[in-house]
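Below is one structure, written out as C-alpha cells; comments come after it.
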Amino acid sequence: MADFFEASCDAAADAVRKHASPTSRTTVFLVGGFAASPWLYSELQSRTQDLNVDVLRADTMTAKAAANGAISFYLDRRVSARIAQWTYGVYINPLYNESDSEHIRRPLNVYQDPISGRKYVTGGFHAHVTKGTAVQETQTKRFSLNKWLTQKQKQTLVQLDLICYKGDVTDIRWVDQDPR
C-alpha cells in the first residue's frame, strides 16, 4: 500500500523542500485526506527533518477541507482577486524598544523572558492582510514570527490563532487601540 502513495509523498516532500527557509525554522500544516494518514505524516516528518521543518496537522478531521476548497474554486473561478473585508493578523509580543513611544506608553505590558533575558511588550498585533487589500487567487502571503520554546513545548502542537479585526483603525498595531 505504501508504494501506491510513494509518488504523492515524494511530491509533498519536494514542495516542502522548495518552500523551506534555509535560515529559519519552517512550519508545514497538513490538511485534507493526507493529514489523516499516519504514514504520510511520519514520512514527511522523516524526509524533512534535516531541513529545520516542523510538520504539523490538526487534531480534528480535516478531510473535507480540500474538497470544499476545490468546489469553491470551481464555482468562483471567474474572480481573480478578492478585497479583504476585514483585517486579519496575529497577536504578537514585540521585542521591547526603549525609544519607541508605543512601548513606553505600555509599562504594565512589559515583561522579561526568563530564558533569554530579553524584554517584550504584550498586546501587539501584526496585520497580515489589511482591510481593503486586493488578494489575488494565486498570491501567497508569508511572514516570520519567532517564539522561544522549551524542549517540552517543541514536542507538542503549536497553535497560532488568526485574528479577524473588524474595527475602523487602518493601521492597528496594538490590541488596546480599539476595544473591538
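Details
- Extension gain, LYS166-ALA11: 0.36 nm per intervening residue step, less the Cα-Cα distance, totals 51.9 nm.
- Which of ARG106, ARG57 is most accessible, then next, and so on - probe 1.4 Å: ARG57, ARG106
- Accessible carbon and sulfur surface of region 1-46 relative to its total accessible area, %, 1.4 Å: 61
The values are calculated or read from the model by the stated rules, or taken from the named source; none is laboratory data. Everything quoted here is computed from the prediction, not taken from an experiment. Quick note on the areas: whole protein, heavy atoms, side chains included, nothing else; ligands and nucleic acids left out. Shrake-Rupley method; radii C 1.70, N 1.55, O 1.52, S 1.80 Å.
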